[in-house]
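Student: The structure under discussion is supplied below as structure tokens; questions concerning it will follow.
The values are calculated or read from the model by the stated rules, or taken from the named source; none is laboratory data. In this text, all values refer to a predicted model and were calculated from it rather than measured experimentally. Every residue, glycine among them, receives a Cβ derived from its backbone with ideal geometry; neighbour counts consider all protein chains shown.
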Amino acid sequence: MLQGLAEGTSGYTFRPLVVVELTSNTKEEVIAWLLSRIRARQENGGAELLVEQLGPGFGAQEKENPNVFLVGASRQRLLSGAEDVGLFKEYSDGSMRGFTCTNKHNFKDYQGDGDDFLSMAECQYIIKHALDTLRAKDEIHVPGYSQIKLYPGKAIVRRLLSKGILIQIFPLHEKEELKRLSFTWYKKVKLSLQPLDDIRHYYGEGQALYFGFLEYFTFALIPMALIGVPYYLFDWEDYDKYVVFAVFNVIWCTLILELWKRCSASLAYRWGTLSRKKAFEEPRSGFHGILGFNPVTGREEPLYPNAKRLLRIYLVSLPFVLLCLYLSLYIMMIYFQMEGWALTLHDAEPTFWTGVLSFIPSIIYAVVIEIMNLIYRFAAEFLTEWENHRLESSYQNHLVLKVLVFNFFNCFASLFYIAFAMQDMVLLRQSLATLLITSQIINQFMEAFLPYWLQRRRNKKRIHKVQRRILEDKELPLEEQVRLEAYMSTYLGTFDDYLELFLLFGYVSLFSCVYPLAAVLVVLNNITEVYSDAFKMCHVFKRPFADPAANIGVWQLAFEAMSVIAVVTNCALIGLSPQVKAYFPDSETQLMLWTVAIEHGLLAFKFILTFLIPDVPKHIQVKLARMEFESLEALKKKKMLEALEHSKSIQ
């Protein structure tokens, strides 16, 4: 574990868990006020945490920021914090139950004074929660900054972050534990599964669920890849024999998502987040409005009219998204003009170089798609921030919707046009292969090599002096470890990772019947993605705070929507097949009606499967029901005892 710095009041060795960094020119009044609030007892409105200022490190001569503080907590404070955040731990009977200090000795791993009962990630999450819930009492402004207003109930840390006084808050890495995780995760080539329990223990449930879904998606692609290779080799020149593969696509994309829900529920139950109650959401740090009273909490906080927000969404954001879709369509038509010119040139004079030239428009278009997606992402973030959503969940939902709509249209519109307007399966196969391969090369560069290179550039002076010691796994002084981690890139969450998997799922489920090697390419991409993401998490990014997630959230709905579109798309491709058309030589209308009828039948079958396959396995449902029953019985007994005591006191 990290070395101790000082002895606490009860003989407890101070263990630094979280780093709080303020600007170097922060006024002393603010520092003294913030530290006093962090140290104050909870009944006095404080966080009751331990704080020590970081001493000068190895690079003190480089004018290091002196306002870096280490935050820890006493053992008892962490246990009470575990109860406050609703942490679930394994009970003596093997079930997962919400932790309470009163019956702490009945939990399986609680021994002695509970020193190792909570993982480091759980302790850091508890400290982050305690800091986030620090609220102003009677202060009208931040001490020393009269222009930064405060009011009773205002979250102090969020306010300081939004005003730039507080630079960052991040949890510290634990070097020995990280070294063990790195070895079992990515430092050795293996065919076994990822250490999801170890990832969850170190990074939290949200991160572990992402890697769990990445692993599950990869294994789910293997049957399609095994079928796709011989299918591709034997039908290389016969582009019309894709009906069987399209039918397989329809069944595959339906089953894997339903089975993932069960797998996700099993993981969440094992980790204690499945039945955990969602915490009351606080306003986002960037949310602003006219000061008023929240009718739910009774606290004074900014209020913003919902009508204003809706006007911004429908009169500004929606037209902007439609404009971007139009620009994407316009660029797509330019691509088809370039494609037509290249094919005409090749048909007129078929040589090796004209054959190579015929792939150039698709490669350029794939690069343009990635650039447009990147630019649009920044615009979508700006617009969603401007819409002024009160809750982080609402902000994320609107951002995901904007990004998914544009990315879906930008990445798949050309393929839909080729498939159903041009009905050119040869060109569809070529375009899909080019888009898929080019986007994977760009994503691997952007995600694996670029962040590492940027971090080395950013930390060049410091890394020049200590990188050798890190690479040799030599122990660094605590001060130098903290300052080195402070320079590391900040992990921005799993948004981009899920978005990439969503697009890859789309390429495979929508059009892989005409290019069966798509599944093989995605499997190879996912394998490299596991290793590159694991390396970045361990060596490029700061350690993120744990996210006690029970599932993959809104992305589950996104993948299910894509699977519905996949059913419609594959049925339409089956209807365009010459083999199927041969059964309806005289009536295209009859063919269309049969295609629509089959598509509706498959959609109905898909939704029936959704109801027939429970999202939560039966044995977990029984355990949850038993736990709820026991909780109700315990509550009844408690009320009966209180009633008896009350009657005795009256007598």
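Student: Please indicate, with yes or no, whether at least one residue in region 553-571 is over 24 Å from residue 510 (Cα atoms) and in contact with a Leu (Cβ under 7 Å, 6 or more places away or on another chain).
Tutor: no
Student: Right, something else. Restricting attention to region 335-381, which residues are surrounded by 16 or more Cβ atoms within 10 Å (Cβ to Cβ), more than 17 Å from residue 434 (Cβ to Cβ) and among the aromatic types (Phe, Trp, Tyr)?
Tutor: The one that is surrounded by 16 or more Cβ atoms within 10 Å (Cβ to Cβ), more than 17 Å from residue 434 (Cβ to Cβ) and among the aromatic types (Phe, Trp, Tyr): 376.
Student: Inside region 82-92, can you point out the residues that are within 25 Å of the chain's Cα centre (by Cα) and on the phi < 0 side of the Ramachandran plot? Can you show your working first?
Tutor: Pass one, region 82-92, residues within 25 Å of the chain's Cα centre (by Cα): 82, 84-89.
Residues satisfying the conditions are 82, 84, 85, 87, 88, 89.
Student: Just to check your reading of the model, which residue among 391, 323 is touching an Asp or Glu at 6+ places or on another chain (Cβ under 6 Å) and closer than 30 Å to residue 557 by Cα? Give the derivation first.
Tutor: On the way: 323 fails: touching an Asp or Glu at 6+ places or on another chain (Cβ under 6 Å).
Result: 391 is the single residue among 391, 323 that is touching an Asp or Glu at 6+ places or on another chain (Cβ under 6 Å) and closer than 30 Å to residue 557 by Cα.
Student: Of the residues 420, 445, only one is modelled with pLDDT under 85, assigned to a helix (DSSP H, G or I), within 25 Å of residue 332 (Cα to Cα) and of a type in the set (A, V, I, L, M, F, W, C); which?
Tutor: Numbers: 420 fails: modelled with pLDDT under 85.
The conditions single out 445.
Student: If residue 81 satisfies all but one of (1) surrounded by fewer than 21 Cβ atoms within 10 Å (Cβ to Cβ); (2) outside any loop (DSSP other than H, G, I, E, B), what's the number of the condition it fails?
Tutor: Single failed check for residue 81: (1).
Student: Does region 107-123 contain at least one residue that is under 24 Å from residue 170 (Cα atoms) and in contact with a Gly (Cβ under 7 Å, 6 or more places away or on another chain)?
Tutor: Restricting attention to region 107-123, the residues satisfying the condition of being under 24 Å from residue 170 (Cα atoms) are 115-123.
Okay, now just the ones that are also in contact with a Gly (Cβ under 7 Å, 6 or more places away or on another chain), so 121.
Looking for residues that are under 24 Å from residue 170 (Cα atoms) and in contact with a Gly (Cβ under 7 Å, 6 or more places away or on another chain), one finds at least one in region 107-123, hence yes.
Student: Now a separate question. Output the number of the condition that residue 115 fails; it satisfies all remaining conditions of (1) under 23 Å from the mean Cα position of the chain (by Cα); (2) in a loop (DSSP other than H, G, I, E, B).
Tutor: (1)
Student: Is it the case, given these coordinates, that residue 529 is assigned by TED's automatic domain parsing to the domain that holds residue 446, in contact with a Leu (Cβ under 7 Å, 6 or more places away or on another chain) and modelled with pLDDT of 90 or more?
Tutor: Values: assigned by TED's automatic domain parsing to the domain that holds residue 446: yes; in contact with a Leu (Cβ under 7 Å, 6 or more places away or on another chain): yes; modelled with pLDDT of 90 or more: no.
When the stated conditions are applied, residue 529 does not pass them.
Student: I need the full set of residues from region 145-192 which are closer than 30 Å to residue 303 by Cα, in a loop (DSSP other than H, G, I, E, B), at pLDDT below 85 and not aliphatic (A, V, I, L, M), in order please. Write out each step before concluding.
Tutor: So in region 145-192, the residues closer than 30 Å to residue 303 by Cα come out as 145-170.
The next check asks that each one be in a loop (DSSP other than H, G, I, E, B); those that pass are 150-154, 163-165.
Filter again for at pLDDT below 85, leaving 150-154.
Scanning region 145-192 gives 151, 152, 153, 154.
Student: Further question: If you scan region 56-72, which residues turn out to be surrounded by 15 or more Cβ atoms within 10 Å (Cβ to Cβ) and modelled with pLDDT under 70?
Tutor: Across region 56-72, the qualifying residues are 57, 58, 59.
Student: Take the conditions under 29 Å from residue 393 (Cβ atoms) and assigned to a loop (DSSP other than H, G, I, E, B) and apply them to residue 549. Does it pass?
Tutor: On the way: under 29 Å from residue 393 (Cβ atoms): yes; assigned to a loop (DSSP other than H, G, I, E, B): yes.
For residue 549, the condition - under 29 Å from residue 393 (Cβ atoms) and assigned to a loop (DSSP other than H, G, I, E, B) - is met.
Student: Here's another thing I want to ask about it. So which of 125, 91, 145, 110 is surrounded by 16 or more Cβ atoms within 10 Å (Cβ to Cβ) and outside the structural domain of residue 42 (by TED's automatic domain parsing)? Spell out how you get there, then give the answer.
Tutor: On the way: 125 fails: outside the structural domain of residue 42 (by TED's automatic domain parsing); 91 fails: outside the structural domain of residue 42 (by TED's automatic domain parsing); 110 fails: outside the structural domain of residue 42 (by TED's automatic domain parsing).
So the residue among 125, 91, 145, 110 that is surrounded by 16 or more Cβ atoms within 10 Å (Cβ to Cβ) and outside the structural domain of residue 42 (by TED's automatic domain parsing) is 145.
Student: Could you pull out the residue among 145, 216 that is among the hydroxyl-bearing types (Ser, Thr, Tyr) and over 22 Å from the mean Cα position of the chain (by Cα)? Walk me through how you get there before you give the answer.
Tutor: Working: 216 fails: over 22 Å from the mean Cα position of the chain (by Cα).
It is 145.
Student: Right, another one. Can you tell me how many residues within region 588-627 are closer than 30 Å to residue 88 by Cβ and either part of a loop (DSSP other than H, G, I, E, B) or in contact (Cβ under 8 Å) with a residue 12 or more places away in the chain (or both)? Spell out how you get there, then give the answer.
Tutor: As a first pass, look at region 588-627 and keep what is closer than 30 Å to residue 88 by Cβ: 610-627.
If we keep only those that are either part of a loop (DSSP other than H, G, I, E, B) or in contact (Cβ under 8 Å) with a residue 12 or more places away in the chain (or both) too, we end up with 610, 613-617, 620, 623-624, 626-627.
Total meeting the criteria: 11.
Student: Another question, then. Restricting to region 185-230, count the residues that are surrounded by fewer than 16 Cβ atoms within 10 Å (Cβ to Cβ) and more than 19 Å from residue 264 (Cβ to Cβ).
Tutor: The total comes to 11.
Student: Taking region 384-398 as the search range and keeping residues that are surrounded by 20 or more Cβ atoms within 10 Å (Cβ to Cβ) and not charged (D, E, K, R), which one is modelled with the lowest pLDDT?
Tutor: Checked region 384-398; the qualifying residue modelled with the lowest pLDDT is 389.
Student: Here is a follow-up. Show the residue pairs meeting these rules: Cβ distance below 6 Å; 6+ apart or different chains; first residue within region 96-114 and on the phi > 0 side of the Ramachandran plot; second residue assigned to a loop (DSSP other than H, G, I, E, B).
Tutor: Cβ pairs passing all conditions: none.
Student: Among the numbered conditions (1) crowded, with 18+ Cβ neighbours inside 10 Å; (2) hydroxyl-bearing (Ser, Thr, Tyr); (3) outside the structural domain of residue 498 (by TED's automatic domain parsing), tell me where residue 647 comes up short.
Tutor: (1)
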